[in-house]
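Structure first, then comments.
The values are calculated or read from the model by the stated rules, or taken from the named source; none is laboratory data. Quantities reported herein were computed from a predicted structural model and do not represent experimental measurements. FYI the Cβ positions are ideal-geometry reconstructions off the backbone, even for glycines, and counts take in every protein chain you see.
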Amino acid sequence: MAVAYAFDRFLKYQEMTEWLQNIASEHPNLVSMSSYGTSHEGRTLWLVTITDSSTGAAEHKPAHWVDANIHAVEVTGGVAALHLIHHLVDGYASGDTDVVEALRTRTFYVAPRVNPDGVEAALGDKPHFVRSSMRPWPWTDGHRWPGLLTYEDIDGDGRVLTMRLRDEHGAWVEHPSDARVMIPVEHADAPRGAQRYRLLSEGSLADYDGFTIPQPRNPRGLDMNRNFPAGWDTSTTGAGDHPLSEPEIDALVRAITARPNICGYNAYHTSGGILLRPSSTKSDSSLPPEDLWVYNEIGRACTELSTYPVYSVYESFTWDKSHVMSGAADDWVYDHLGLVGWTTEFWDAIAAATNERSSTHIWYVGPTVEQELAVAKWSDTHAPGSYVPWYSFNHPQLGNIELGGTDAFRIWTNAPTSKLRDEVAPHSRFAVHQALRSPRLEVLLVDAQHLGDDNWLVRVGVANTGWLPTYITTRANKNNLVLPLTVEISGATPVGDSARKKLGQLEGRVALRMNGGAMSDGTGDRALATWTVKATHGTVVEVVAQHPRAGRATASITLS
């Protein structure tokens, strides 16, 4: 019996592991579980493979990859990854047409917790927040420089809130209609002569001098989503010592490249309520227009299912185009592998409270006062306790201060538990949609013509019956990133020919959509291989067609 889980809370590592193990043991025909590496602190990195094993091995089918929780506090993404696994096994059992077809003909790889160490710190009884890895960096001895450089629960109530200090030169005052919300002193609603405050994230200080509070780089300042090889740059905050310097990312890259059948990729993050696509470092004008069209066409399904709009990271979310966000996973899978790669940013608190989407620059400028007021009011009904009245606390370094304001982890960074399942569920259906857009190899023709004596002409017709071409993206095709289709014959001896033939790449149904609307397909999705073979009557000839991404198909014919 599987561990009871309704996708209404965040699982710690051990409970997640047990849930995965029980799912695998209850559905051995669909689910297998393996390790693809070990984290910095020694935790196993789990990979779950889901496919209908009765219709072929996982590696012989086109595949879709999903991973989550590369960033420590973005735990909604991990819930979404677990929900995808549930959606697949439950949909298969209930006869969901799309799920059954997807598992019969495709494979899903799910890595639900890329960064188990950081997530354990975030979900601890006394939480501690880091960007991603718990490995000390850039100072490998973990030295704490003077100032506030760790965000953690200092009063032991299981929350990381905001500290406020009375300061006549402070930049913040209470909002007159909701004291939990702090507003800039120059805001129109700021009362004249009101008590002013200085705000700090909850945490402890090192070497406090009684006057200044520097905010140096966190002693655990790695950002593992800047550690991928594509566009890696030392100027990017948290990029690490070199590409793949972190064991979690090195293992992830090796696991993906070891599975050439992967056609699509999605990394689950928070927040924003958006679907992000490459590039993070280049303008859309520098990308193949065919690839942009494919991205937007696939992404449209996400918008229809979940309302999440599709954005380019560079075009819409890069504040300073001279300082780009390089080294990200979705860029790596597109640039280096030629895959369709995405980043899903779950949850938009502003949209939930106001029905208006967050600004694409919210990561830099934050919400407006009006938006925060709306979120605070909304949270009282849908996420009680997410906005906390201010209360006194004797801080070990600062003395008498107040704690309160927003519990950002539970209302801004992640979906509140009351909304968690509804937030992630549509994206499981989107993952199935993406998988079914992949190419699919089938043998549609096998025949033999007797040429006299023991000579035969054998013909094998193969086709890509999927939507995407076998090479997936124009970038992959132009840069020869994908090996060609091969067909091999056995059981009879070819005359003056090789038993194995290269047949190149095959187009998918998407090619018609880029044909200027002309209703004339041609057969770019098909290829024909022929052999003259020597064999006796009654010989069984077998053929195997294989493409790294489109899968493996077999057929046989008796020479008669």
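Data table
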item	result
Region 520-536, residues that are in contact (Cβ under 8 Å) with a residue 60 or more places away in the chain, assigned to a loop (DSSP other than H, G, I, E, B) and surrounded by fewer than 17 Cβ atoms within 10 Å (Cβ to Cβ)	T536
Flag if S392 is touching a residue at least 12 places away in the same chain (Cβ under 8 Å), among the hydroxyl-bearing types (S, T, Y) and not assigned by TED's automatic domain parsing to the domain that holds P309	no
Qualifying residue in region 507-527 (condition: under 20 Å from Q449 (Cα atoms), assigned by TED's automatic domain parsing to the domain that holds I489 and polar (S, T, N, Q))	no
Given (1) without any contact (Cβ under 8 Å) to a residue 24 or more places away in the chain; (2) touching a Leu at 6+ places or on another chain (Cβ under 9 Å), index of the condition Y308 fails	(1)
Cβ-Cβ under 7 Å pairs, at least 6 apart or on other chains, region 263-286 side under 22 Å from P112 (Cα atoms) and in a loop (DSSP other than H, G, I, E, B), far side of a type in the set (S, T, N, Q) and at pLDDT 95 or above	S271/T413
Strands (runs of 3 or more DSSP E) wholly inside region 139-213 containing at least 1 residues that are touching a helix residue (DSSP H, G or I) at 6+ places or on another chain (Cβ under 7 Å), of a type in the set (D, E, K, R) and over 15 Å from I401 (Cβ atoms)	178-184
Candidates H427, H450 - the one that is in the same structural domain as I298 (by TED's automatic domain parsing) and either in contact with a strand residue (DSSP E or B) (Cβ under 7 Å, 6 or more places away or on another chain) or among the polar types (S, T, N, Q) (or both)	H427
Check on A301, touching a His at 6+ places or on another chain (Cβ under 6 Å), farther than 25 Å from W46 by Cβ and at pLDDT 95 or above	yes
Selection status of W145, of a type in the set (F, W, Y), out of contact with any strand residue (DSSP E or B) (no Cβ under 6 Å at 6 or more places or on another chain) and either crowded, with 17+ Cβ neighbours inside 10 Å or free of Cβ contacts under 8 Å to residues at least 60 places away in the same chain (or both)	no
Residues of region 194-208 classified as within 25 Å of V130 (Cβ to Cβ) and either among the hydroxyl-bearing types (S, T, Y) or more than 39 Å from the chain's Cα centre (by Cα) (or both), total	4
Hey, L468 closer than 24 Å to L337 by Cα, assigned to a loop (DSSP other than H, G, I, E, B) and touching a residue at least 24 places away in the same chain (Cβ under 8 Å) or not	yes
Those residues of region 318-362 which are under 17 Å from the mean Cα position of the chain (by Cα) and among the aromatic types (F, W, Y), in sequence order	W332, Y334, W342, F346, W347
Filter result for G385 (on the phi > 0 side of the Ramachandran plot, assigned to a loop (DSSP other than H, G, I, E, B) and out of contact with any Lys or Arg (no Cβ under 6 Å at 6 or more places or on another chain))	yes
Exclusive hit being touching a helix residue (DSSP H, G or I) at 6+ places or on another chain (Cβ under 7 Å) and closer than 30 Å to R159 by Cβ, set N400, N414	N414
Some residue of region 109-120 being more than 18 Å from Y13 (Cβ to Cβ) and not in a helix (DSSP H, G or I)	yes
